[in-house]
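Inspection log for the structure reproduced underneath, given as structure tokens.
Every read-out reported here was derived from the displayed coordinates using simple, explicitly stated rules and does not represent laboratory data. The shown structure was predicted, so the numbers you read here are calculated from the model rather than taken from an experiment. Neighbour counts are summed over all protein chains in view; Cβ atoms, including those assigned to glycine, are modelled from backbone coordinates with ideal geometry.
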């Protein structure tokens with residue numbers, strides 16, 4: 001039987017981890033006189049030996065993390081095979097949670113994945129994903145302080161409460177440290193951009209056994225420079241992907257129906273006395289004077305493939321970044337004090353500060369949205385609220401008509417500066433009393449994000465400035481600072497979340513059973529959660545063109561009781577039972593059980609399985625004083641497409657989505673199942689295979705424009721708002737502007753698949769040691785049922801396109817690693833693979849993106865993506881070591897994806913490294 005003294009080594013050998021390395025792990029539990037080290041693993045409150053466990057848990061040690069070559073916890077966690085659709089990339093800067101990063105296990109979104117630090121909750125990011133989903137920003141966790149990461153790929157609400165439907169990511173920070181060390185790293189892409197510089201230091205003193213205390217502190221500083229998308233080649237560096245089989249995503253076209261026209265030259269369209277469109281040629285859009293290249297006058301160019309009236313196209317990629325500019329500072333300190341032989345006190349303090357600068361395209365002059373204060377649609381494109389140049393305005397060429405202006409100022413991109421500060425304080429005591437091992441703690445965590453935005457137009461002020469002629473449009477036009485200060489003010493808002501908790505847990509052995517000790521754990525928790533996410537100024541009345549509304553405010557108290565039992569009925573058979581009841585002050589009580597087993601008929605084979613129920617409590621955005629007004633894509637407009645047959649109506653298009661809070665919303669519930677086995681046929685070679693299934697019911701959904709537009713009768717509380725009819729089809733309903741609906745418990749999702757994990761180690765004698773690993777996650781199904789009973793199968797497709805970033809749901813993700821150690825040298829390589837997805841919103845659905853002849857782009861598929869990363873370390877001396885890594889060694893380009901709105905022509909959720917390109921990093925660490 002294997003015995004190890006340190007926790008960090010023991011947990012790597014737990015059978016439940018799936019990262020099995022030796023035959024000893026499958027051995028039956030030892031006798032009481034064999035003093036085997038016991039540890040606590042994520043998914044259980046009962047300490048166990050390294051030979052025990054029932055659930056599937058992946059463990060990444062400090063060495064594993066280092067050998068990925070990645071420079072942040074966010075990159076490490078989001079690279080695991082169980083992460084899928086709904087994962088948030090820090091490069092997706094256009095969302096409500098811009099520059100933050102979150103993990104979505106099993107593709108069930110960031111709000112169904114619980115992230116813990118040292119087994120306890122922390123405050124979520126100040127702004128919700130899509131204004132709704134609460135999540136922990138992985139960027140706020142210090143890399144240098146991390147000891148290991150444990151990923152529980154199983155429902156865990158019976159242990160941890162809400163949000164653990166899809167699983168748990170538990171980041172374990174160092175518990176003690178003696179010594180001093182400094183390190184520094186620098187990296188950049190092979191194109192010479194995107195430089196990342198980081199430095200860290202750690203100092204610790206006091207031996208807990210001898211001095212009765214240990215105090216240590218780590219500090220990380222990191223600066224990341226931006227990467228401009230325009231600086232990449234081929235389709236990544238430009239919006240027009242037609243030469244590579246894609247579509248043209250340039251903006252500024254003027255369609256045959258007089259749509260569009262927002263370009264650098266500026267366009268105007270005359271209206272009649274009532275403000276309506278003028279029929280015939282006399283009512284056509286007119287482009288203002290200026291120069292435009294022939295390529296940008298392409299009559300079939302632009303997003304609609306219709307530039308018949310000669311708009312001057314422009315490329316949005318020129319304003320996009322692949323990697324934002326950020327600066328991070330992270331401080332972590334911990335003190336541990338031995339009060340006596342059986343009692344230890346501890347305290348932790350974490351401070352994180354991040355500054356991010358993001359940028360996107362210049363703003364248009366007009367927009368459509370919902371005025372929440374006055375409960376009305378505000379549409380400055382057309383209709384009674386439209387923006388009009390008066391007769392006599394210097395940029396209105398029509399002597400007898402007012403005109404609708406369209407223009408984007410090439411010199412004024414929209415920008416957002418975000419500063420996030422996370423504070424986390426923990427104080428606790430643990431020890432042993434009357435054979436009970438206990439742990440009690442007090443935790444306060446706060447996350448605050450301040451956002452400052454520029455480059456947006458306030459529509460009421462713009463109307464006034466246009467009416468008096470002080471605001472001008474046209475190529476190269478420069479408005480005065482005084483005018484811009486009025487029509488385009490600086491917008492500032494903040495999002496704050498707080499979590500205050502007191503918890504207690506205790507565990508002991510109750511009796512001896514034939515298979516070993518009967519273990520029990522009990523626990524209690526009180527938690528107060530607070531959220532106050534301010535809206536961007538003026539968005540509550542929809543007075544900012546092109547900017548959605550998101551705000552939430554609420555607080556609640558949570559009390560919980562839980563218990564767990566480990567029952568080794570035989571030496572070869574163990575059961576785990578757990579139950580937890582949570583009472584929420586805003587909706588009521590949720591009680592969740594869990595059961596599991598492990599059967600070990602021989603020393604080389606083990607079978608395991610679990611059943612768990614789970615829940616996710618509504619967030620403040622969902623049941624509080626809240627509303628969200630955003631933009632998303634729908635596959636097509638079924639009403640107009642059936643008549644016009646035009647690509648602009650029959651292809652993917654952006655619409656507004658307005659969702660308001662519902663105080664009667666209920667929590668989501670879930671049932672999860674797992675069944676698998678572990679086989680170690682020979683020493684140092686193991687295989688584990690686990691089947692998993694999660695059914696989530698009563699899903700809290702907001703405005704789902706795709707479902708509502710497809711079946712309006714199924715959503716009686718929803719409202720579809722359309723614009724003015726186009727001149728080429730004057731008797732047909734106009735294009736969809738927005739869809740409005742309350743949050744509802746409306747959906748159900750069923751997802752299932754397989755996890756394969758193979759591990760091996762080889763002793764090469766004088767030539768060192770070799771280790772290899774293969775981790776595969778295969779998603780068999782991802783089936784969602786809408787409120788009206790309609791079922792959609794998303795596995796292997798780009799759906800659900802409404803989920804954050806529109807990343808898609810690949811069936812297969814693979815990671816293969818190979819490492820070699822010999823003396824002072826360590827070399828490793830990693831192969832990462834993501835399978836292809838269809839360019840459909842669901843299995844059997846129509847291709848989302850088609851050309852003018854309704855032929856799918858790229859065969860209606862986004863290609864598979866495989867990259868290779870390498871890492872090396874040289875321990876020059878006892879005190880000094882050097883590291884080097886290259887990610888995307890072969891400079892593999894991200895596959896062309898014309899559907900995702902995370903970025904133009906590539907998918908940052910799945911293929912970010914293929915946009916960055918080959919990236920190297922070198923570092924050094926000195927230990928005093």
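Some observations on this one:
- Here, the range 358-411 is characterised by an Rg to Rh ratio of 1.07, where Rg is the alpha-carbon radius of gyration and Rh the Kirkwood radius.
- The base-10 log of I(q)/I(0) for the range 96-136, evaluated at q = 0.15, 0.18 Å⁻¹, reads -0.33, -0.47 [Debye formula, identical scatterers on Cα atoms, solvent excluded].
- Mean projected area (nm²) of the alpha-carbon convex hull when the range 202-250 is viewed from all directions: 6.9
- Protection-proxy order for peptides 517-528, 690-701, each taking the mean of Cβ atoms within 10 Å per residue, highest first: 690-701, 517-528
- Using a Förster distance of 56 Å, the FRET efficiency for residue 770-residue 480 (Cβ separation, nearest 0.05): 0.20
- Calculated translational diffusion coefficient of the range 540-595 (20 °C, 1.002 mPa s; Stokes-Einstein with Kirkwood radius over alpha-carbon pairs) equals 138 µm²/s.
- Å³ per residue enclosed by the Cα convex hull of the range 158-239: 179
- Size of the range 688-781: Rg and Dmax of its alpha carbons, in Å, are 25.6, 83.
- Centroid-to-centroid separation of the range 833-897 and the range 285-331 [C-alpha atoms, Å]: 25
- Three-way shape label, the range 829-912, alpha-carbon gyration tensor, a/c 1.5: prolate
- Protection proxy ranking for 563-570, 878-885, using the average of other Cβ atoms within 10 Å per residue and placing the highest first: 563-570, 878-885.
- Ordering of 76-85, 234-243, 852-861 by burial proxy (mean other Cβ atoms within 10 Å per residue, highest first): 76-85, 234-243, 852-861
- Fraction of C-alpha pairs exceeding 27 angstrom in the range 333-490: 52 percent, rounded to a whole number.
- Extension gain, residue 719 to residue 855: 0.36 nm times the residue separation minus the Cα-Cα distance gives 45.8 nm.
- Spatial offset of the range 765-793 relative to the range 608-665 amounts to 25 Å, using the alpha carbon center of each.
- Separation between Cα centres of the range 132-153 and the range 719-764, rounded to whole Å: 27
- Taking every Cα-Cα distance in the range 282-376 and sorting them into 5 Å bins from zero, the calculated P(r) comes out as 2, 8, 9, 10, 11, 8, 9, 8, 6, 5, 5, 4, 4, 3, 3, 2, 1, 0, 0 percent.
- Projected-area mean, the range 91-234, by convex hull of Cα positions, square nanometres: 11.6
- Measure of compaction for the range 257-328 (Cα Rg per 2.2 N^0.38 Å): 1.45
- Cα gyration tensor, the range 141-297 - rounded (a/c under 1.5), prolate or oblate: prolate
- Dimensions (Å) - the range 659-704, Cα atoms, principal axes, largest first: 58, 16, 14
- Pairs of C-alpha atoms in the range 553-711 farther apart than 24 Å represent 60 percent of all such pairs.
- Cα pair distances in the range 472-621, grouped into 5 Å bins until the bin that holds the longest one, percent each: 2, 7, 11, 11, 10, 9, 8, 7, 7, 6, 5, 4, 4, 3, 2, 2, 1, 0
- 5 Å-binned pair-distance histogram of the range 776-928 (Cα, whole percent): 2, 9, 15, 16, 15, 11, 9, 7, 6, 5, 3, 2, 1, 0
- Whether the chain is rounded, prolate or oblate, judged on the alpha carbon gyration tensor where a/c under 1.5 counts as rounded: prolate
- Using the Cβ-Cβ distance between residue 242 and residue 728 with R0 set to 22 Å, the FRET efficiency from 1/(1 + (r/R0)^6) comes to roughly 0.35.
- For the chain, the relative contact order is 12 percent, taking Cα pairs closer than 8 Å that sit 6 or more residues apart in sequence and dividing their mean separation by the residue count.
- Using the alpha-carbon positions of the range 589-679, Rg (one decimal) and Dmax (whole number) come out as 23.5, 68 Å.
- Descending semi-axes in Å of the range 769-865, equivalent ellipsoid built from Cα gyration tensor: 37, 17, 9
- Measuring spread by the Cα atoms of the range 307-346 yields a radius of gyration and Dmax of 28.6, 84 Å.
- From its DSSP helices (H runs of at least four residues, each -39,500 (n - 2.57)), the chain gives a residue-normalised ellipticity at 222 nm of -1500 deg cm²/dmol.
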